[in-house]
1. Hey, could you check the range 74-116 for residues that are polar (S, T, N, Q) and assigned to a helix (DSSP H, G or I) and say which is farthest from the chain's Cα centre (by Cα)?
2. Applying the selection to the range 87-139, what residues are without any contact (Cβ under 8 Å) to a residue 12 or more places away in the chain, over 30 Å from Arg76 (Cβ atoms) and among the aliphatic types (A, V, I, L, M)?
3. Being at pLDDT 95 or above, assigned to a helix (DSSP H, G or I) and either surrounded by fewer than 21 Cβ atoms within 10 Å (Cβ to Cβ) or touching a Gly at 6+ places or on another chain (Cβ under 7 Å) (or both): is that true of Leu25 here?
4. Can you give me the number of residues within the range 59-76 that are at pLDDT below 95 and in contact with a helix residue (DSSP H, G or I) (Cβ under 7 Å, 6 or more places away or on another chain)?
5. Can you name the residue in the range 44-73 that is assigned to a helix (DSSP H, G or I), of a type in the set (Gly, Ala, Ser) and without any contact (Cβ under 8 Å) to a residue 40 or more places away in the chain and, of all such residues, is farthest from Ala30 (Cα to Cα)?
6. Which residue out of Val60, Val99 is in contact with an Asp or Glu (Cβ under 6 Å, 6 or more places away or on another chain) and farther than 25 Å from Gly7 by Cα?
7. Looking only at the range 66-108, filter to residues that are within 15 Å of Ala134 (Cα to Cα) and of a type outside the set (A, V, I, L, M); which one of those is surrounded by the fewest Cβ atoms within 10 Å (Cβ to Cβ)?
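The values are calculated or read from the model by the stated rules, or taken from the named source; none is laboratory data. Here the structure is a predicted model, which means the values were calculated and not measured. Here the Cβ is made from the backbone with ideal geometry for all residues, glycine too, and neighbour counts use every protein chain on show.
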Amino acid sequence: MLKDVIGRGPGRPTTAGAVAATLALVVGGALLVWSAYIHFHLWQTVGYKHIPTIGPLFIVQSIAGLVLGLTVVAVRRVWAAILGMGFALSTIGGFLLTVALPKGLFNFKESWSAPFAHQAFAIEVAATVVLIFAGALCLAGSASSTRAGLAGSPS
């Protein structure tokens, strides 16, 4: 049952719901790639690669964000949207911990005035919201097409 639910996608883009779900998955994937790019830029250009523990996490975030973003766009399934949401939320959580904890995360203290902090945060929140919406559209579209198929079948 769970496998059937998370394996759902937008279906054929012949209905407005399917088109909207596909568009939301593409936008959500693009937002994940954008976040990955920002983290790579911070790692490469701003010098985050020299920060112990945080530096390697930034490059891992960049690679994982790129792979997940492209996966969401390529497969367009609920499970990919869930993975993307989890990834964006974990990135948000990591940032908030580095800001909120007295010693930051792994002894690295970040602030809202850091380069790209507001932009990356907004992109990750947007990715989360868009991917939730995309997943819901996929589930709603699959459910309505299943109901339509049942309604049209002889009893």
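1. Thr98
2. Leu97, Ala100, Leu101, Ala114
3. Answer is no for this residue.
4. 1
5. So the residue we want is Gly55.
6. Val99
7. Only one residue fits best here, namely Gly86.
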